[in-house]
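Just below is one structure, and these are the notes that go with it.
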Amino acid sequence: MKTIGILGIQGAIEEHESSLQKIGCKTLWVKEASDLTRIDGIILPGGESTSMGKQLVWSGLMEPLRQSIAQGLPVFGTCAGMILLAKELDGNNAQSRIGLMDILVRRNAYGSQLDSFVTELEVKGFAQPLPAVFIRAPRIESCGNGVETLASHQGHPVLVRQAKMLAASFHPELTDNTELHRYFTEMI
């Protein structure tokens, strides 16, 4: 049975945990570097990316996490988690982040909390449309070589994969659909 870590600093931790448990995975909230040796993959949940980045640095977890991902630990970043994975940010490139995925991301590109919405996405390789919840969502402005777009919304990629890194602008954990979590566990 796979053990999937969920960055346990802040954000939609319990929701991801519930989705993973529905598909038969063990979970572990990752809060320190030693936790990285006990997992097969990690989810970086939605939340507040600036706060999460600062807490990763303060806790001493940023570098061990970056090294683990660079060495092939499968990772799935959703919303703020995608921002943490992005190599470049439009506007605030100094924000603390992991920075390994070759994407340029604009924070809050779909508007404020009041502009949140739910839609369905056609995902490459999925038989059925995927429900997607966008809350203060970031948008991928561009992708580098080796980044595959799996789904788009309004002409912009919103679900991408690069090697063992998966990133979504939206919150799949806020729906009853577990297909994207299943897809991630199959990457491991």
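Is region 58-69 home to any residue that is in contact with a helix residue (DSSP H, G or I) (Cβ under 7 Å, 6 or more places away or on another chain) and under 20 Å from residue 171 (Cα atoms)? Within region 58-69, none of the residues are in contact with a helix residue (DSSP H, G or I) (Cβ under 7 Å, 6 or more places away or on another chain) and under 20 Å from residue 171 (Cα atoms).
Output the residues belonging to region 138-157 that are surrounded by fewer than 16 Cβ atoms within 10 Å (Cβ to Cβ), touching a Lys or Arg at 6+ places or on another chain (Cβ under 9 Å) and either of a type in the set (D, E, K, R) or on the phi > 0 side of the Ramachandran plot (or both). Residues satisfying the conditions are 148, 154.
A single entry from 85, 114, 89 fulfils the requirement of being of a type in the set (A, V, I, L, M) and either touching an Asp or Glu at 6+ places or on another chain (Cβ under 9 Å) or modelled with pLDDT of 95 or more (or both): 85. For residue 19, the conditions (1) surrounded by fewer than 16 Cβ atoms within 10 Å (Cβ to Cβ); (2) within 17 Å of the chain's Cα centre (by Cα); (3) assigned to a helix (DSSP H, G or I) are fulfilled apart from (1). Restricting attention to region 131-188, the residues that are of a type in the set (Ser, Thr, Tyr) and more than 15 Å from the chain's Cα centre (by Cα) total 3. Taken together, 161, 107, 182 contain a single residue that is modelled with pLDDT under 95 and among the basic types (Lys, Arg), which is 107. Confirm whether residue 124 is of a type outside the set (Asp, Glu), in contact (Cβ under 8 Å) with a residue 12 or more places away in the chain and more than 21 Å from residue 73 (Cβ to Cβ). So residue 124 fits the description; yes.
The values are calculated or read from the model by the stated rules, or taken from the named source; none is laboratory data. Owing to the predicted nature of the structure, the values given are computational and were not obtained by experimental measurement. All Cβ positions, glycine included, derive from the backbone under ideal geometry; neighbour counts span all protein chains shown.
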